[in-house]
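The values are calculated or read from the model by the stated rules, or taken from the named source; none is laboratory data. Because the structure is predicted, anything quoted here is derived from the model rather than measured. Note: ideal-geometry Cβ built from the backbone for every residue, glycine included; neighbour counts use all protein chains shown. Please note that ligands, DNA and RNA were not included when accessible areas were found on the heavy atoms of the full protein model with its side chains. Shrake-Rupley method; radii C 1.70, N 1.55, O 1.52, S 1.80 Å.
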Amino acid sequence: MEEQLFDKLVAIRRRLHQFPELSFTEFKTSALVAAELRGLDIPVITVAQTGLIGTLQKGEGPTVLLRADMDALPVQEDSGVSFPSLTEGAMHACGHDLHVAMLLGAAHLLKQQDFTGTVRFVFQPAEESPLRSPEPGKSGGQLMMESGELAGADAVLGLHVNPLLPTGQLEYKTGEALACVGNFVIRIHGKGGHPGAMKHVIDPVAVAGALIPAAHALVGVQPDPPIAVLAITHVETLAKPSFNVVPNSMLLQGSLRAVQIADYQSIVARLRTLLQQLEERYNCRIELEFTAYYPGLLNDAGIHDLLSPVRKRLFGEENMVAGQDYLVGEDFSFYSRAMPGQFYFLGAQTEENHTYWLHHPKVTFNEDCIKYGAPFLAEGALQLLQTLKPGEQVNKPGIGFTAVAAQG
């Protein structure tokens with residue numbers, strides 16, 4: 001990558017870092033990206049409120065998607081960088097500012113190349129949260145896919161920076177690579193009353209006390225790293241605090257995560273059974289609602305193999321790192337469940353950071369990762385365009401590129 005382009009991408013990254021925008025509010029980010037793409041004479045359309053799709057077509061051939069997410073997190077920055085967030089309570093603590101810069105870099109590089117086919121640059125909103133989604137519970141990636149604007153693509157490629165992986169290394173894992181994630185709400189409806197007359201009361205607090213350890217036990221003892229977790233993250237009584245009033249209802253919120261979809265579905269089924277048993281035991285009513293769902297991210301070994309020459313050229317075999325199971329959600333899964341895809345972790349460690357991972361207010365990222373990420377996206381797209389045949393891979397029987405329905 002030429003130094004002039006690198007400097008331009010660093011400047012874009014720092015501007016985005018200083019003005020982070022939360023999910024579905026990425027209006028200034030989207031405007032900056034659109035201006036950069038149009039400056040390259042790449043046509044752009046808007047999808048999913050603030051998402052963008054730029055299309056670079058040179059003749060007839062396969063279609064490859066390159067994806068970057070754009071949203072920041074509700075985190076107060078404490079990283080110590082010279083260009084900190086100027087937006088109170090918001091930070092690019094997951095490195096999406098770098099993802100945007102790298103994908104814009106790939107657009108610059110591909111604009112100069114001769115190829116046959118189509119590259120679509122997907123800048124999506126709201127990977128982190130569907131909180132402000134125009135369709136409740138749906139993330140930016142889900143809405144981008146459901147728009148139909150990306151239908152018929154032959155492959156998809158994505159990157160995510162890893163602040164604890166040395167810069168210049170690339171982490172990979174094929175098959176089910178990142179977790180299925182379901183956010184859930186449990187409402188326990190009892191019968192409130194006076195603690196001096198408990199025979200007239202159905203105590204939802206007692207039900208919650210029995211529910212929490214039983215729910216945790218559903219995932220059993222876990223290996224290291226774990227492959228499933230059920231966490232209760234918030235508990236409250238739906239009444240004002242009182243010493244002498246038992247409330248009518250309790251609210252519990254939590255997150256269910258599993259690397260394997262079969263494990264996820266099994267835990268959901270057993271959780272429903274547990275709640276039914278508690279209803280019968282305590283004569284109460286319990287509601288379970290899943291408010292958001294990301295299917296597990298599926299990486300295709302065939303795409304990984306096709307990209308082997310590019311990986312060797314840019315990173316070298318000695319800098320390829322076999323990945324572990326991460327219980328994190330990534331809505332790249334909505335793309336990778338609809339078409340063959342590969343999602344890599346890109347090393348972005350700084351000299352001063354050996355502790356802080358993603359989503360931490362002190363996390364820092366090495367901007368030199370752009371020198372690896374942008375060329376990898378560009379050359380990866382070229383490699384796939386040269387080796388794929390249009391329509392050959394999509395929905396090929398036995399591979400399993402099928403969207404997974406939400407549980408709940």
- Listed residues His234, His304, His354, most fluctuating in the chain (Gaussian network, C-alpha, under 10 Å): His234
- Nearest 20 debye, what's the magnitude of the dipole of region 105-214 about its Cα centre given +1 on Lys and Arg Cβ and -1 on Asp and Glu Cβ? 540 debye
- Magnitude of the Cβ-charge dipole of region 1-94, K/R +1 and D/E -1, about the Cα centre, nearest 20 debye? 200 debye
- Which option, [x] 35, 23, 19; [y] 39, 24, 18; [z] 42, 23, 19, is the value of semi-axes √(5λ) of the Cα gyration tensor in Å that was calculated from these coordinates? [z]
- Query: How high is the relative contact order of region 94-231, in percent, with contacts defined as C-alpha pairs under 8 Å that are six or more residues apart?
  - Reply: 13 percent
- Item | With all protein chains modelled, accessible area of Leu327 [1.4 Å, Å²] | 30 Å²
- Task: State whether region 1-138 is rounded, prolate or oblate according to the following rule on the C-alpha gyration tensor (a ≥ b ≥ c being the square roots of its eigenvalues): a/c under 1.5 gives rounded; otherwise a/b larger than b/c gives prolate, and the remaining case gives oblate.
- Result: oblate
- Item | Max mean-square fluctuation residue, GNM over the chain, Cα-Cα springs under 10 Å, options Met145, Met198, Met250 | Met198
- Ser242 accessible area, nearest 10 Å², 1.4 Å probe? 60 Å²
- Could you point to the residue in Leu37, Val207, Val229 farthest towards the positive end of the chain's charge dipole, with +1 and -1 charges on the Cβ of Lys/Arg and Asp/Glu respectively? Val207
- Query: How much accessible area does Asp300 have with a 1.4 Å probe, in Å² rounded to the nearest 10?
  - Reply: 20 Å²
- Note on the structure: Contact order relative to length for the chain, counting C-alpha pairs under 8 Å separated by 6 or more residues, stands in percent at 24 percent
- Task: With unit charges on the beta carbon (Lys/Arg positive, Asp/Glu negative), name the residue among Gly117, Tyr326, Tyr172 whose Cα is farthest towards the positive pole of the charge dipole of the chain.
- Result: Tyr326
- Item | In region 59-141, the GluC sites (Glu not before Pro) that fall in loop regions by DSSP, at most 11 other Cβ within 10 Å | Glu60, Glu88
- Message: Checking the a/c ratio against 1.5 first, then a/b against b/c, what shape does the Cα gyration tensor give for region 2-55?
- Response: oblate
- GNM on the chain, Cα springs under 10 Å; top mean-square fluctuation among Glu352, Glu379, Glu367 goes to Glu352
- Query: In whole Å, how far is the Cα centre of region 1-57 from that of region 134-203?
  - Reply: 26 Å
- Message: Among Leu297, Pro390, Gln342, whose Cα projects farthest towards the positive end of the dipole of region 275-391, with charges put on the beta-carbon of Lys, Arg (+1) and Asp, Glu (-1)?
- Response: Pro390
- Would you work out the charge dipole size for the chain about its Cα centre, treating the Cβ of every Lys and Arg as +1 and the Cβ of every Asp and Glu as -1, and quote it to the nearest 20 debye? 980 debye
- Taking Cα pairs closer than 8 Å and at least 6 residues apart, the relative contact order of region 175-247 in percent is 35 percent
- Item | Net charge over other residues, Cβ less than 9 angstrom from the Cβ of Thr116 (K, R count +1; D, E count -1) | -1
- Starting from the Cα gyration tensor of region 279-374, take the square roots of the eigenvalues, sort them a ≥ b ≥ c, and report rounded, prolate or oblate (rounded when a/c is under 1.5, otherwise prolate if a/b is larger than b/c, else oblate). oblate
- Mean ellipticity per residue at 222 nm, deg cm²/dmol - from DSSP H runs of n ≥ 4 across the chain, formula -39500 (n - 2.57): -9500 deg cm²/dmol
